[in-house]
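K.L.:
Starting off with a structure, shown below.
The values are calculated or read from the model by the stated rules, or taken from the named source; none is laboratory data. Since the model is a prediction, treat every value here as computed from it, not as a measurement. Cβ sites come from the backbone with ideal geometry, for glycine too, and all protein chains shown count toward neighbours. Only protein heavy atoms, including side chains, enter the accessible area calculation; ligands, DNA and RNA are left aside. Shrake-Rupley method; radii C 1.70, N 1.55, O 1.52, S 1.80 Å.
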Amino acid sequence: MSDRYAKQFILPEIGPDGQTRIGAGRVLCVGAGGLGCAVLPYLAGAGVGQITVIDNDRVDRTNLQRQVLFGESSLDRPKAVAAADRLRDLNPDISVDPIDARLNLDNVEVLLKSHDVIVDGSDNYATKYLVADACVKFNRPLVYGTVTGMEAMVTVFYAGQGPCLRCLFPKAPTGWVPNCAEAGVLGSLVGMTGSLQASEVIKLLVGKSTGMQGLLGRLWVMDARDGQSRVMAVRRRADCGTCGQPPADIVLQSAPRPVLREIDVTEARALAGWPFLDVRERDEFAAGHIPGAHNLPLSELQSGRISPPAGSRCVVYCESGVRCHTAAEILKSFDYQDIRGLRGGLPAWQAAADSHSTQS
Ligand SMILES: [Zn+2]
């Protein structure tokens, strides 16, 4: 057995047999954001034989605060691909497959059925519920994790052996639920949460072992404000709308398609006649903006203090491109039909302007 894993298989809870099972393990990680970046290196380091990572996003500078698989050299690269490169460097003895796509109804069945354990590293409820429902339907254990602001949760769902996500929270929150990029998040708490998820994956792969108890049916909750964590029981609900029915009857719901179409600076310049909406806050706008842009701070849009100008099409931008997605949902409710989002936000626009003035 490779001495790479020596520190691990001398643990009596793992041992050589446990290490062999880890090596035979196939794990799907949904999302290569903050949680994925914390989960993945520990899985690769531990020698999980097959790791698949699916994410359709690209690395931007605001990710680097917590997405520790990436650096400046990863900017603009597909997250799944950049993460896979880093993991292969960390452990060339394992197989890592990146998928630069969104998990959806077309790929979820094949992906779940070809893996033993699923880890949720996604940052939006539509994907979380799709993964969780699909794990019930296709009978896979799910290591679930979320971080909101200063609070984190981790648990394991496994239909037939414990509760599912809908036993705990029957419905996804509705409305504009801010994700990390909008609500703010403590990077180190994301790291801790992902590390705990990685431990749960390893325990599921090792299987029954003396002295180990997984988080199946137990919810770990942490509040980073006072450093308190606790574990509480989560029970299966007999009347659960998902795990309470035969798997074949479970109808998966697609994560809605993003209402925003991303465009780059060149494409945005070509739309010079369109209104440009800057959804950053007023102080950010005052410090610099695209000439002619209209300031529509996301916080004021969300609270209903302001409404967008009447119209049906626009280009939205913010600092990184992330706030635009939430703004687009709101704009859509005001009957905007064609919403384009500037990839890379204002810095991308300014960098293009700088390189243009240097060349001329
Ligand atoms: Zn359930």
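K.L.:
Take LYS137 and decide whether it is free of Cβ contacts under 8 Å to residues at least 24 places away in the same chain and basic (Lys, Arg). Lay out the reasoning, then the answer.
P.N.:
Details: free of Cβ contacts under 8 Å to residues at least 24 places away in the same chain: no; basic (Lys, Arg): yes.
Here the answer is no, as LYS137 does not meet what is asked.
K.L.:
If you don't mind, there's one more thing I want to ask. Would you mind telling me which numbered condition in (1) crowded, with 23+ Cβ neighbours inside 10 Å; (2) at positive phi ASN139 fails?
P.N.:
Every condition holds for ASN139 apart from (1).
K.L.:
Which of the following residues is within 16 Å of the ligand (Cβ to nearest atom) and modelled with pLDDT under 90: ALA181, ALA172, ALA134, ALA126?
P.N.:
Numbers: ALA181 fails: within 16 Å of the ligand (Cβ to nearest atom); ALA134 fails: modelled with pLDDT under 90; ALA126 fails: within 16 Å of the ligand (Cβ to nearest atom).
Result: ALA172 is the single residue among ALA181, ALA172, ALA134, ALA126 that is within 16 Å of the ligand (Cβ to nearest atom) and modelled with pLDDT under 90.
K.L.:
While we're on this one: Within the range 47-54, is even one residue touching a residue at least 24 places away in the same chain (Cβ under 8 Å), assigned to a helix (DSSP H, G or I) and open to solvent by 10 Å² or more (accessible area, probe 1.4 Å)?
P.N.:
The first filter runs over the range 47-54 and keeps only residues touching a residue at least 24 places away in the same chain (Cβ under 8 Å), leaving 47-54.
Filter once more, so that each one left must be assigned to a helix (DSSP H, G or I): none.
No, that holds for no residue.
K.L.:
Follow-up question, since we're still on this one. Does GLY292 meet the test of being modelled with pLDDT under 90 and either within 16 Å of the ligand (Cβ to nearest atom) or open to solvent by 70 Å² or more (accessible area, probe 1.4 Å) (or both)? Give the derivation first.
P.N.:
Values: modelled with pLDDT under 90: no; either within 16 Å of the ligand (Cβ to nearest atom) or open to solvent by 70 Å² or more (accessible area, probe 1.4 Å) (or both): yes.
So GLY292 fails the test.
K.L.:
Considering (1) in a loop (DSSP other than H, G, I, E, B); (2) within 18 Å of the chain's Cα centre (by Cα); (3) of a type in the set (Lys, Arg), say which one LYS128 fails and leave the rest.
P.N.:
It fails just one condition, (1).
K.L.:
Of the residues ALA38, ALA44, ALA82, which single one is farther than 21 Å from VAL117 by Cα and either of a type in the set (A, V, I, L, M) or not assigned by TED's automatic domain parsing to the domain that holds ASN124 (or both)?
P.N.:
So the residue among ALA38, ALA44, ALA82 that is farther than 21 Å from VAL117 by Cα and either of a type in the set (A, V, I, L, M) or not assigned by TED's automatic domain parsing to the domain that holds ASN124 (or both) is ALA82.
K.L.:
Among the residues of the range 212-270, which ones are more than 22 Å from THR148 (Cβ to Cβ), touching a strand residue (DSSP E or B) at 6+ places or on another chain (Cβ under 8 Å) and not in a loop (DSSP other than H, G, I, E, B)?
P.N.:
Answer for the range 212-270, where residues must be more than 22 Å from THR148 (Cβ to Cβ), touching a strand residue (DSSP E or B) at 6+ places or on another chain (Cβ under 8 Å) and not in a loop (DSSP other than H, G, I, E, B): LEU216, PRO247, LEU260, ARG261, GLU262, ILE263, VAL265, GLU267, ALA268.
K.L.:
If you don't mind, another one. Consider the range 142-160. How many of its residues are among the hydroxyl-bearing types (Ser, Thr, Tyr), within 13 Å of the ligand (Cβ to nearest atom) and open to solvent by 10 Å² or more (accessible area, probe 1.4 Å)? Step through it out loud before you land on a result.
P.N.:
From the range 142-160, those among the hydroxyl-bearing types (Ser, Thr, Tyr) are 144, 146, 148, 155, 158; that's our starting set.
Restricting the remaining residues to those that are within 13 Å of the ligand (Cβ to nearest atom) gives 144, 155, 158.
Going one step further and asking which of them are open to solvent by 10 Å² or more (accessible area, probe 1.4 Å), we end up with 158.
Residues in the range 142-160 being among the hydroxyl-bearing types (Ser, Thr, Tyr), within 13 Å of the ligand (Cβ to nearest atom) and open to solvent by 10 Å² or more (accessible area, probe 1.4 Å): 1 in total.
K.L.:
What is the one condition in (1) surrounded by 21 or more Cβ atoms within 10 Å (Cβ to Cβ); (2) without any contact (Cβ under 8 Å) to a residue 12 or more places away in the chain that SER74 does not satisfy?
P.N.:
So the condition that SER74 fails would be (2).
K.L.:
Confirm whether VAL53 is within 28 Å of LEU205 (Cβ to Cβ) and under 16 Å from the mean Cα position of the chain (by Cα).
P.N.:
Details: within 28 Å of LEU205 (Cβ to Cβ): yes; under 16 Å from the mean Cα position of the chain (by Cα): yes.
When the stated conditions are applied, VAL53 passes them.
K.L.:
Return the residues of the range 200-218 that are surrounded by fewer than 17 Cβ atoms within 10 Å (Cβ to Cβ) and modelled with pLDDT of 95 or more; say none if nothing qualifies.
P.N.:
Hit for the range 200-218 is ARG218, nothing else.
K.L.:
Scan the range 10-20 for residues that are within 15 Å of GLY49 (Cα to Cα) and buried (at least 18 other Cβ atoms within 10 Å of the Cβ) and report the count.
P.N.:
Counting residues in the range 10-20 that are within 15 Å of GLY49 (Cα to Cα) and buried (at least 18 other Cβ atoms within 10 Å of the Cβ) gives 2.
K.L.:
Looking only at the range 318-332, decide whether some residue is open to solvent by 50 Å² or more (accessible area, probe 1.4 Å) and over 18 Å from ASP60 (Cα atoms).
P.N.:
Yes, that holds for at least one residue.
K.L.:
Hey, could you check the range 56-71 for residues that are open to solvent by 30 Å² or more (accessible area, probe 1.4 Å) and of a type in the set (A, V, I, L, M) and say which is farthest from VAL201 (Cα to Cα)?
P.N.:
LEU64
K.L.:
With the condition kept exactly as written, say whether any residue in the range 254-272 is at pLDDT below 95 and within 16 Å of the ligand (Cβ to nearest atom).
P.N.:
Within the range 254-272, the subset at pLDDT below 95 is 254-272.
Subset that is within 16 Å of the ligand (Cβ to nearest atom): none.
The answer is no, given that none of the residues of the range 254-272 is at pLDDT below 95 and within 16 Å of the ligand (Cβ to nearest atom).
K.L.:
Select, from ALA32, ALA24, ALA101, the only residue that is touching a residue at least 12 places away in the same chain (Cβ under 8 Å) and crowded, with 19+ Cβ neighbours inside 10 Å. Give the derivation first.
P.N.:
Numbers: ALA24 fails: crowded, with 19+ Cβ neighbours inside 10 Å; ALA101 fails: crowded, with 19+ Cβ neighbours inside 10 Å.
Being touching a residue at least 12 places away in the same chain (Cβ under 8 Å) and crowded, with 19+ Cβ neighbours inside 10 Å holds for just one of ALA32, ALA24, ALA101, which is ALA32.
K.L.:
Could you list, in sequence order, all residues of the range 219-252 that are open to solvent by 50 Å² or more (accessible area, probe 1.4 Å) and within 15 Å of the ligand (Cβ to nearest atom)?
P.N.:
ALA233, ARG235, ARG236, ARG237, ALA238, ASP239, GLY241, GLN245, PRO246, PRO247, ASP249, VAL251
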